[in-house]
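> Pasting a structure here, questions to come.
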Amino acid sequence: RTVYVNGEFVPEEEAKISVFDRAFLMADGVYEVTSVLDGKLIDFPGHMARLHRSLNELKMKPARTDDELLAIHRELIARNDLESGMIYLQITRGAADRDFIWPTDAEPGIVLFTQAKEQVNAATAKTGLKVITVEDQRWARRDIKTVQLLFPSFAKMEAKAAGKDDAWLVTDGEVNEGTSNNAYIVKNDVIITRNLSNDILHGITRAAVLRFAREAQMKVEERAFTVEEAKAADEAFCTSASAFVTAIVEIDGATISAGEPGPIAARLREVYIDESRKTAI
Ligand code: PLP
């Protein structure tokens, strides 16, 4: 694979970053994952808007303009013949002597790489996912997309050890989101998903899917829901740039929607893929 590191396109074996990069020492960096479908980027402007928000919240400098970032994304797609998959982009505060106080003049670090993955026909689109619930122990600014992913990784390992696919992270009996996706239930044809706040990541796919749902006259409620409500729901699903819309068919051992993707999740997945294909750049 060809990757992009601090201004250069290089084979992945030759890519180098400083051991003093603050993302490596202190998780002092932010990232975005943008999906590639038919060799084109899904919702690139949305990902750039959130990147700027994350950078701003952490008082970090944007390493490149959006136009430059778009050109780098496209160059990586071309160099790696990427038809379907993701592009990972990470911007770090840069390298500095290890100290909790950061220098304001460090040169930001920037890394991008591709990951090929079949998305439209992913196996999980037909089977759905099984989840467990885990008490959410992440920090309180989950709206910022930082590279400190140890707790979600821990929770997903717990799910794997239990023979399941993912974990829904819970506070006071209410579902925040999945380890790397936003969480939804459907009850009596109403789509319910947690309202935006510092407690969850403001998913770019979430925004698109809610917009499509409302345009299709589906009912949407943005509010917290409990694990108990979720277990008794008609359907459940999650959204993310890499999973699109994927059904949840089991929550803590309780079967949802007869163990198969429900009609609303299936329809939203179809609409999301169709619309994304039309607007990808
Ligand atoms: N929530 C968390 C914690 C995530 O890590 C992600 C994506 O990686 C999402 C939600 C979904 O966000 P998006 O739709 O922008 O991919």
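> If I filter segment 207-225 for residues that are closer than 28 Å to Thr279 by Cα, without any contact (Cβ under 8 Å) to a residue 24 or more places away in the chain, of a type outside the set (A, V, I, L, M) and within 15 Å of the ligand (Cβ to nearest atom), do I get at least one hit? Quick ask: steps written out before the conclusion?
Of the residues in segment 207-225, the ones closer than 28 Å to Thr279 by Cα are 207-222.
So of that shortlist, the ones also without any contact (Cβ under 8 Å) to a residue 24 or more places away in the chain come out as 210-211, 214-215, 217.
Narrowing further to those that are of a type outside the set (A, V, I, L, M): 211, 214-215, 217.
Okay, now just the ones that are also within 15 Å of the ligand (Cβ to nearest atom), so 211.
Within segment 207-225, one or more residues are closer than 28 Å to Thr279 by Cα, without any contact (Cβ under 8 Å) to a residue 24 or more places away in the chain, of a type outside the set (A, V, I, L, M) and within 15 Å of the ligand (Cβ to nearest atom).
> Now for a different question. Looking at (1) assigned to a strand (DSSP E or B); (2) surrounded by fewer than 24 Cβ atoms within 10 Å (Cβ to Cβ); (3) in contact (Cβ under 8 Å) with a residue 60 or more places away in the chain, which is the only condition Ile248 fails?
That leaves (2) as the condition not met.
> Can you say whether Phe225 is closer than 21 Å to Gly29 by Cβ and either at pLDDT 95 or above or not basic (Lys, Arg) (or both), as far as the supplied structure shows? Steps first, please.
Working: closer than 21 Å to Gly29 by Cβ: no; either at pLDDT 95 or above or not basic (Lys, Arg) (or both): yes.
When the stated conditions are applied, Phe225 does not pass them.
> If I ask for residues that are within 15 Å of Cys238 (Cβ to Cβ) and in contact with a strand residue (DSSP E or B) (Cβ under 7 Å, 6 or more places away or on another chain), which ones from segment 195-212 would you list?
Ile200, Leu201, Gly203, Thr205, Arg206, Val209, Leu210 - these are the residues of segment 195-212 that are within 15 Å of Cys238 (Cβ to Cβ) and in contact with a strand residue (DSSP E or B) (Cβ under 7 Å, 6 or more places away or on another chain).
> Scan segment 1-16 for residues that are out of contact with any Lys or Arg (no Cβ under 8 Å at 6 or more places or on another chain), buried (at least 17 other Cβ atoms within 10 Å of the Cβ) and of a type in the set (A, V, I, L, M) and jot them down.
Result: Val3, Ala15.
> Of the numbered conditions (1) more than 9 Å from the ligand (Cβ to nearest atom); (2) in contact with a Gly (Cβ under 6 Å, 6 or more places away or on another chain); (3) not polar (S, T, N, Q), Ile185 satisfies every one except a single condition; which is it?
Tallying (1) more than 9 Å from the ligand (Cβ to nearest atom); (2) in contact with a Gly (Cβ under 6 Å, 6 or more places away or on another chain); (3) not polar (S, T, N, Q), Ile185 fails exactly one: (2).
> Let me ask you something else. Tell me, yes or no, whether segment 198-205 has at least one residue that is more than 9 Å from the ligand (Cβ to nearest atom), surrounded by fewer than 15 Cβ atoms within 10 Å (Cβ to Cβ) and in a loop (DSSP other than H, G, I, E, B).
The answer is yes, given that some residue of segment 198-205 is more than 9 Å from the ligand (Cβ to nearest atom), surrounded by fewer than 15 Cβ atoms within 10 Å (Cβ to Cβ) and in a loop (DSSP other than H, G, I, E, B).
> Can you tell me how many residues within segment 2-56 are part of a loop (DSSP other than H, G, I, E, B) and within 30 Å of Ala207 (Cβ to Cβ)? Steps first, please.
Restricting attention to segment 2-56, the residues satisfying the condition of being part of a loop (DSSP other than H, G, I, E, B) are 6-7, 15-20, 27-28, 38-39, 42-43.
Cutting the leftovers down to within 30 Å of Ala207 (Cβ to Cβ) gives us 27-28, 38-39, 42-43.
So the answer is 6.
The values are calculated or read from the model by the stated rules, or taken from the named source; none is laboratory data. Being a predicted model, the structure only gives us computed values, none of them experimental. Note that we place each Cβ from the backbone using ideal geometry, even for glycine, and neighbour counts take in every protein chain shown.
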